[in-house]
Amino acid sequence: IGVRTNPKPIFNLTEGDLSMSKSLPYSVKDVHYDNAKFRHRSPLKVLSQSLLTLNTKRDYASCSTGKFLILILIFGIACLMLMGTNDSPLNEKGKVTFVGGFRLGRLLRKPPRLPPRLSPDDGQLKGNTTNSPKWAARQQSVKEAFDYAWSGYRKYAMGYDELMPISQRGVDGLGGLGATVVDALDTAMIMGHGNIVSEAGSWVEAHLLERISQKGQVNLFETTIRVLGGLLSAYHLSGGDHGPKPDVYLNVAKDLADRLLSAFNSSPTAVPYSDVILRESTAHPAPGGMSSTAEVASVQLEFNYLSAVSGDPKYSAEAMKVLAHIKTLPKTEGLVPIYISPHSGEFVGENIRLGSRGDSYYEYLIKVWLQQGGKLNGNFTYLHDMYTEAMKGVRHLLVRKSIPKGLVFVGELPYGSKGEFSPKMDHLVCFLPGTLALGATKGLTKEKALAENLLSFEDLENLKLAEDLAKACFEMYEVTATGLAPEIAYFHTEEYSEDGLEGGNKSSVYANDIIIKHADRHNLLRPETVESLFVLYRITKDTKYREQGWQIFEAFEKHTKVKSGGYTSLDDVTEVPPHRRDKMETFFLGETLKYLYLLFGDDSVIPLDKFVFNTEAHPLPIRNT
């Protein structure tokens, strides 16, 4: 593995650091200490420091036993320097060992960065050779689809946020930062698309800093998850073989994040404003004054990782204040309203849902906890507690079964827990099966987690719910004429039914369970269902999730591919041929095709117990504790 020798700083924030104070959580002394932990020290210095510590703490050297122990210590170090049993620096599990006989250079070299940055052709981006020819061929089809999507974007919209493939032009709908370029960059790295990595990386190096300094209003959340997250993932995955040096991505990320911090610094509470003026480094609330709960609580993975690799704790400190503050607010069985005020710091309204404006709040509770080390780091136990309570609330208040066939789905409480239940389920909610499965096994396979007795009864309940909900999500595709899901579906229940609003596939077993209103029939090339299929396949190893993913991919190919290049959103998935919307969302390259590629590939590529995906599918490494 092409391991670099300068280690990335690990995460060192504690819950106590996340107070509402504006001061930084580290003192200068703390920073010097953390930096010193990664400086190279000679074996002689290590030995002398060890002897000094023994002297000052216990005065062992003053007794015969202490002298004997010191001799053993010296003898042991000498043996390590003179003996070895393996010529390879890696053992069978890929971990660095002290080997090499008399080749002292290997013993004395600096420790590797953990986890390493890898080139697209190495290590966690290459995988093993256990994938069958069938799935290797299907994975190659996804790679070719990505190339086709990129070629259309490059030809007609390079540097714009999004491609309008039918009009054959670009459009800036996300602030004008070339969002498709950055969103697609780590997908190209994972797929080993060296030419695209070079094209996208060169554009970032040549243009993005200037764009950031000149552009006006952007949304804090969208810019963080797509652009900042994409830059940080590219920094981690890049080996520098294609495109610019990795530090280019990091430097642009820091410049962008410094400007985004104004959303936190301008707010009178721990809740950031939603909009930032990049060129001025100023921020203001959205029209109406409210922020979305999901948006303010879904920037922490990115800011945490930036603090880790930059050595500057200010990014993580500001972002984590949001979750620490939400911990103190009243909730309904762990569930929260979808709006929160940056002026008062309180929730606004009673609308509870896991679709738009609510979804990734719950996703980041468990993912930030995993990123920070999970059970190995007790400072963030409150995040796991909040997640656990929320999932109990989901099971109790939001989960229902449709009729007549009994699909398990998650509805909404538009007027709170005392109001009427709505059997409405956004396609966005289909992130939840994957999150539930990840929260249950912490990224391990179900088989391994069971063998090691790591699953509680509640974990097993959540895993079962994950599989049930994934079925409902897939049937939202299966029930339509195009085989693609609508943006929103309603489920037939004892209390709710509407006639004449079927999906168009009369042969579907669930044709009478799912209701699709006319205003909800569009498809935006969304990734949430294939995301959950990917996670569930990795965890359960059930090949049905791969087969379902392939069926969805074939429907995208059949109905959304544009002859001139790229793919397009659809107006109505219940009709064939469907009317086309003329927009290729950035997340089609950044998420949908990435998850499909990983679904059909080897588990060793971006393993779920080593990485967490942000809500835009940008993988970031889990803290090495």
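Within segment 263-283, track down each residue that is in contact with a helix residue (DSSP H, G or I) (Cβ under 9 Å, 6 or more places away or on another chain) and within 22 Å of residue 346 (Cβ to Cβ).
Pass one, segment 263-283, residues in contact with a helix residue (DSSP H, G or I) (Cβ under 9 Å, 6 or more places away or on another chain): 263-265, 269-283.
Within segment 263-283, 263, 264, 265, 269, 270, 271, 272, 273, 274, 275, 283 qualify.
So, in segment 553-572, of the ones that are part of a loop (DSSP other than H, G, I, E, B) and farther than 21 Å from residue 141 by Cα, which residue ends up least open to solvent (accessible area, probe 1.4 Å)? Out of the qualifying residues, it is 572.
Return the residue satisfying two criteria in turn: it lies in segment 249-270 and is in a loop (DSSP other than H, G, I, E, B) and either closer than 18 Å to residue 218 by Cβ or of a type in the set (Asp, Glu) (or both), and of such residues it is most open to solvent (accessible area, probe 1.4 Å). Result: 266.
Scanning segment 373-394 for residues that are out of contact with any Leu (no Cβ under 8 Å at 6 or more places or on another chain) and either of a type in the set (S, T, N, Q) or open to solvent by less than 10 Å² (accessible area, probe 1.4 Å) (or both) yields 374, 377, 380, 381, 388.
I'd like the residue in segment 477-524 that is out of contact with any helix residue (DSSP H, G or I) (no Cβ under 6 Å at 6 or more places or on another chain), over 20 Å from residue 353 (Cα atoms) and among the small types (Gly, Ala, Ser) and, out of all such residues, is surrounded by the fewest Cβ atoms within 10 Å (Cβ to Cβ). Ranking the qualifying residues of segment 477-524, first place goes to 500. If we keep just the residues of segment 451-467 that are crowded, with 17+ Cβ neighbours inside 10 Å and not hydrophobic (A, V, I, L, M, F, W, C), which is nearest to residue 401 (Cα to Cα)? Ranking the candidates gives 467 first.
Output the residues belonging to segment 288-317 that are open to solvent by 20 Å² or more (accessible area, probe 1.4 Å), at pLDDT 95 or above and not polar (S, T, N, Q). 290, 295, 311, 312, 314 - these are the residues of segment 288-317 that are open to solvent by 20 Å² or more (accessible area, probe 1.4 Å), at pLDDT 95 or above and not polar (S, T, N, Q).
Report the residue count in segment 271-285 for those that are surrounded by fewer than 17 Cβ atoms within 10 Å (Cβ to Cβ) and in a loop (DSSP other than H, G, I, E, B). Qualifying residue count, segment 271-285: 1.
Would you confirm whether or not segment 305-320 contains a residue that is in contact (Cβ under 8 Å) with a residue 60 or more places away in the chain, in a strand (DSSP E or B), touching a strand residue (DSSP E or B) at 6+ places or on another chain (Cβ under 7 Å) and under 26 Å from residue 428 (Cα atoms)?
The initial filter retains those residues of segment 305-320 that are in contact (Cβ under 8 Å) with a residue 60 or more places away in the chain, namely 305-311, 313-314, 316-317, 320.
Now narrow it down to the ones that are in a strand (DSSP E or B): none.
There is no residue in segment 305-320 that is in contact (Cβ under 8 Å) with a residue 60 or more places away in the chain, in a strand (DSSP E or B), touching a strand residue (DSSP E or B) at 6+ places or on another chain (Cβ under 7 Å) and under 26 Å from residue 428 (Cα atoms).
The residues on offer are 134, 110, 155, and the sole one that is under 25 Å from residue 234 (Cα atoms), open to solvent by 60 Å² or more (accessible area, probe 1.4 Å), out of contact with any helix residue (DSSP H, G or I) (no Cβ under 8 Å at 6 or more places or on another chain) and modelled with pLDDT of 50 or more is 155. Exactly one residue out of 438, 397, 407 is over 20 Å from the mean Cα position of the chain (by Cα) and either among the polar types (S, T, N, Q) or open to solvent by 10 Å² or more (accessible area, probe 1.4 Å) (or both): that is 397.
Residue count for segment 527-552 under the criterion of being assigned to a helix (DSSP H, G or I) and either aliphatic (A, V, I, L, M) or out of contact with any Phe, Trp or Tyr (no Cβ under 8 Å at 6 or more places or on another chain) (or both): the result is 10. Filtering segment 318-368 down to residues that are surrounded by 24 or more Cβ atoms within 10 Å (Cβ to Cβ) and of a type in the set (Gly, Ala, Ser), which residue is farthest from residue 414 (Cα to Cα)? For segment 318-368, the residue satisfying everything is 319. Filter segment 179-206 for residues that are of a type in the set (Gly, Ala, Ser) and more than 18 Å from residue 148 (Cα to Cα); which is least open to solvent (accessible area, probe 1.4 Å)? Going through the qualifying residues, I end up with 201.
Candidates 547, 585, 575, 591: the one that is under 27 Å from residue 519 (Cβ atoms) and open to solvent by 40 Å² or more (accessible area, probe 1.4 Å) is 575. State yes or no: is residue 412 acidic (Asp, Glu), on the phi < 0 side of the Ramachandran plot and surrounded by fewer than 20 Cβ atoms within 10 Å (Cβ to Cβ)? Here the answer is no, as residue 412 does not meet what is asked.
Checking 354, 323, 370 one by one, the residue that is farther than 23 Å from residue 219 by Cβ and either modelled with pLDDT of 95 or more or not aromatic (Phe, Trp, Tyr) (or both) is 370 and no other. When segment 163-178 is filtered for residues that are open to solvent by 10 Å² or more (accessible area, probe 1.4 Å), of a type outside the set (Gly, Ala, Ser) and touching a Ser or Thr at 6+ places or on another chain (Cβ under 9 Å), the ones remaining, listed by number, are 164, 166, 168, 174. A search for C-beta distances below 6 Å between a residue of segment 163-182 that is outside any loop (DSSP other than H, G, I, E, B) and any residue that is open to solvent by less than 30 Å² (accessible area, probe 1.4 Å) and basic (Lys, Arg), counting only pairs 6+ apart in sequence or on different chains, returns 179/226. Residues in segment 154-209 that are over 23 Å from the mean Cα position of the chain (by Cα) and acidic (Asp, Glu) were compared, and the one that is farthest from residue 279 (Cα to Cα) is 199.
For residue 397, state whether it is of a type outside the set (Lys, Arg), in contact with an Asp or Glu (Cβ under 8 Å, 6 or more places away or on another chain), part of a helix (DSSP H, G or I) and touching a residue at least 40 places away in the same chain (Cβ under 8 Å). When the stated conditions are applied, residue 397 passes them.
Over 21 Å from the mean Cα position of the chain (by Cα) and open to solvent by 40 Å² or more (accessible area, probe 1.4 Å) - does that describe any residue in segment 215-235? So far as segment 215-235 goes, yes, one or more of its residues are over 21 Å from the mean Cα position of the chain (by Cα) and open to solvent by 40 Å² or more (accessible area, probe 1.4 Å). I'd like to check something: does segment 587-607 contain any residue that is farther than 19 Å from residue 548 by Cβ, part of a helix (DSSP H, G or I) and of a type in the set (Gly, Ala, Ser)? For segment 587-607, residues farther than 19 Å from residue 548 by Cβ, part of a helix (DSSP H, G or I) and of a type in the set (Gly, Ala, Ser): present. Considering segment 441-450, and only residues there that are under 19 Å from residue 604 (Cβ atoms) and of a type in the set (A, V, I, L, M), the residue that is most open to solvent (accessible area, probe 1.4 Å) turns out to be 444.
Could you grab me the full set of residues in segment 533-560 that are among the acidic types (Asp, Glu), more than 21 Å from residue 583 (Cβ to Cβ) and in contact with a helix residue (DSSP H, G or I) (Cβ under 8 Å, 6 or more places away or on another chain)? The answer is 542, and nothing else.
The values are calculated or read from the model by the stated rules, or taken from the named source; none is laboratory data. Keep in mind the model is a prediction, meaning the values are calculated, not measured. Virtual Cβ from ideal backbone geometry, glycine too; neighbours counted across all protein chains shown. With ligands, DNA and RNA removed, areas are computed over all heavy atoms of the protein, side chains included. Shrake-Rupley method; radii C 1.70, N 1.55, O 1.52, S 1.80 Å.
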